[in-house]
Structures are given as structure tokens and as C-alpha cells.
Amino acid sequence: MTEVEGHKSAKGVFLARVVSNESICREHYRLVLSVPELPPAQPGQFIQILCTEPSDLGWTGGAFIRRPFSIGGLRRGSTGVEVEILHRAIGIGTRWLARLQPGDPVSFLGPLGRPFVLPDRGQSPALLVGGGIGLPPLIWLAESLQAAGVPAIAFCGSRTADLLPLRREPGVDCSSGEPALSCREFARAGVPALVATDDGSLGVRGLVPDVFAAYLDRHPELAESAVVYTCGPEPMMRATAEIALRRGLPCQVCLERMMACGMGTCQSCVVRVRDTQAPSDWAYRLCCTDGPVFNAADVIWD
Ligand SMILES: Cc1cc2nc3c(=O)[nH]c(=O)nc-3n(C[C@H](O)[C@H](O)[C@H](O)COP(=O)(O)OP(=O)(O)OC[C@H]3O[C@@H](n4cnc5c(N)ncnc54)[C@H](O)[C@@H]3O)c2cc1C
Ligand code: FES
């Protein structure tokens, strides 16, 4: 993985306004925030949202410490910048987010973290393997790949149909086991998706890493030049990374840790990585500033 230029560029605290906040499936919401301006940002980066009324710092509900969310899309226009996130309401902060209405003020810090590295020339297709609420950074990555002219396939997993945070394209079958333009978020970037659910309630039945491995078995020609990107629950990412690395495919993982500051100060977000320069051949890195995107071959899965 080569160094990404510019990811340490400017960041700031922004007071945004809610454009929309719609329920997209059980427990999941798409939140669009608008700010007058935002420094350059790339897929894989995240923002730290203050999940409480910006002026009352949590005294009347919400969370006092900012919460991290991947940027799931970003549109720059003449009147400002729209930042899209998908969030799952699981706790005090995300339940506060779920109640937001158009026009409400929201404070966020960002853009933060190290983004995905786009494929080198000749590396193609990009295989995007995501699980549940790990899908948002891959949605924005799909758009960047399209802009760079890199073909991609998305492998989208969730426990059940009603926990998949993607909209279905009406009339497009997603149960054949072959990628199709079945999920709107990927289809609008021209990326076919293969959907898998643990219980078979949508797409093919099975865990998304197994479905991904079976697809690679059916398409051995991909092992020559494909590059893999993954984000989701840690066991899913680990399984995906092992499948990719066993086949000699480069793989980038977008990790998640509990984060307080998001800027390298609190040390709450450590990740163990291989480091031949360190006395014991491994070292801690910070998920917020050295990641969240890491080279899968470097990660020591605990
Ligand atoms: C880089 C990064 C990107 C993320 N992107 C997204 C995203 O796009 N959409 C999204 O919905 N979520 C995302 N998350 C997870 C999100 O930050 C947490 O769900 C959120 O902080 C929960 O806040 P809360 O106040 O609602 O939950 P809390 O009330 O604080 O906690 C509720 C439960 O969730 C657990 N929890 C809280 N934070 C995390 C975490 N970071 N990892 C694992 N378990 C956690 C707690 O242990 C507790 O069991 C991301 C996390 C990171 C680090
Ligand atoms: S979240 Fe504070 S150092 Fe990473």
C-alpha cells in the first residue's frame, strides 16, 4: 500500500445543518449534513460527530464525547458541501442522531484518518467486501473507483434483509449468486453487487466472506490482478483479509475502534501491527490517525 498524499490536510470543527435524515431499514438511517465548506476528503476517512445539541454539551440528552462515523458520500456544489453518513441507532449518541430533523444544527470534526489507496495501474477489478454498517465507506469508494475508471464488484452482507443499509433496485434479482445492479447505492456508481444474508432472507444465504471466497473460486482469473477492500464487523474483515491474502490479493481493511478524540491524543484506539523495526516485531498504531484504513497484511488480529 503506497502512502496517500494529502490525508493529513486541513481538518476543522464545522457547524452543519441537517438536510435530511431518513430511515432506510431497521435501526439504520441516512443522514445528510450541509456545511458551507469542507477541506479535501477521501473515501475511508471519517468525521467525529457531537451527538448532542451543540450549545448544551449533553446536559439535556445525547453524548458528551464525539462519535466516529465514516463518510458515506460527499457532494461539493456552488452553495456548499453535503456530507452523507449512514448510522445505526445502537446507543445514546446514535439514538440522538436518529431524532434529528431537517434544519437542526450538528457539530462535527473532520475529515479525519487515513483513506483507502486507490488501485495502482493494472490492478483491477476492485472487490469491495462489506458487512452491515461497514458498507458506507465502500459506497463512497465505489464512486471514486468509477471516477478513476476502475471496474468494481461489491459483496454486501448483513444478518437479515431488514438490516441491510442499502436500497434495492426494483425488479433486479439479487438471489442468483452473481453480481447484479441490485443495490441503488452501488448501482449509481455502475458497480454490481452480490448480496448475502446470514439467514437467506435476501440474496444468497451465507456469511459474506464465504460468498466472496466462493465467487473467487468460480473466477480464478481475478486472482491475477484484483485488489480487495473490506469494512464491517472485525471477524468478517479478518476472514475476508485471510481469503484475499491466501490468494495473493492485496487487501485494505477499514478498522473500527472505540474512539474518544479521533485525533491521536487520547490513545484509546490502538491496533497491533507487524513492524520489523520494533524489538518484538510488532507495534501499536492508532486507528484514528494511522488508520482507520490499514494494509491487511500488517494487522495482527487479536
Ligand atoms: C472509524 C469509524 C467509523 C465508523 N463508521 C460508522 C458508520 O459509518 N456508521 C455507524 O453507524 N457506525 C459507525 N461507527 C461506529 C460508531 O462510531 C458507533 O456505533 C457509535 O460510536 C456508537 O455511539 P452511541 O453513543 O450510539 O453508542 P454507545 O451508547 O456509546 O454504545 C452502545 C454500544 O455500542 C458499543 N460501541 C460504541 N462505539 C463502538 C465502536 N466504535 N465500535 C464497536 N462498538 C462500539 C458500546 O460498547 C456499547 O455496547 C464507526 C466507528 C469508527 C471507529
Ligand atoms: S481516538 Fe484518541 S488517539 Fe485515537
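The values are calculated or read from the model by the stated rules, or taken from the named source; none is laboratory data. What you see is a predicted model; the values in this text were computed from it and never measured. Note that each Cβ is placed from the backbone with ideal geometry, even for glycine, and that neighbours are counted across all protein chains shown. Accessible surface is based on the protein model in full, side chains and every heavy atom, while ligands, DNA and RNA are left aside. Shrake-Rupley method; radii C 1.70, N 1.55, O 1.52, S 1.80 Å.
Hey, with R₀ at 35 Å, roughly what FRET efficiency would Thr276 and Ala148 work out to, going by the Cβ-Cβ distance, to 0.05? Step by step, r from the Cβ atoms, then E = 0.65. Under the shape rule built on the C-alpha gyration tensor, where the axes satisfy a ≥ b ≥ c, the stretch 256-302 is prolate, since a/c reaches at least 1.5 and a/b is greater than b/c. Taking the DSSP bridge list for the stretch 202-302 and keeping only pairs wholly inside it, about 70 percent are antiparallel. Our helix-only sum for the chain, with -39,500 (n - 2.57) per DSSP H run of n ≥ 4 divided by its residues, gives a mean residue ellipticity at 222 nm of -4500 deg cm²/dmol. Surface composition of the chain: carbon and sulfur atoms hold 53% of the protein heavy-atom accessible area at a 1.4 Å probe.
If you look at the Cα atoms of the chain, you get an Rg and a Dmax of 18.7, 57 Å.
The residues of the chain have, on average, 44 Å² of accessible surface per residue, using a 1.4 Å probe with all protein chains present.
Take every pair of alpha-carbon atoms less than 8 Å apart whose residues are at least six positions apart; their mean separation over the length of the chain yields a relative contact order of 17 percent.
What is the stretch 161-266 by shape, rounded, prolate or oblate, if you read a ≥ b ≥ c off the alpha carbon gyration tensor as root eigenvalues and call it rounded for a/c under 1.5, prolate for a/b larger than b/c, and oblate otherwise? Oblate, since a/c reaches 1.5 and b/c is not below a/b.
Cys residues of the chain that find no other Cys beta carbon under 4.7 Å: Cys25, Cys51, Cys156, Cys174, Cys183, Cys251, Cys288. Prolate is the label for the stretch 209-266, because the ratio a/c of its alpha-carbon gyration tensor axes (a ≥ b ≥ c) is 1.5 or higher and a/b is greater than b/c.
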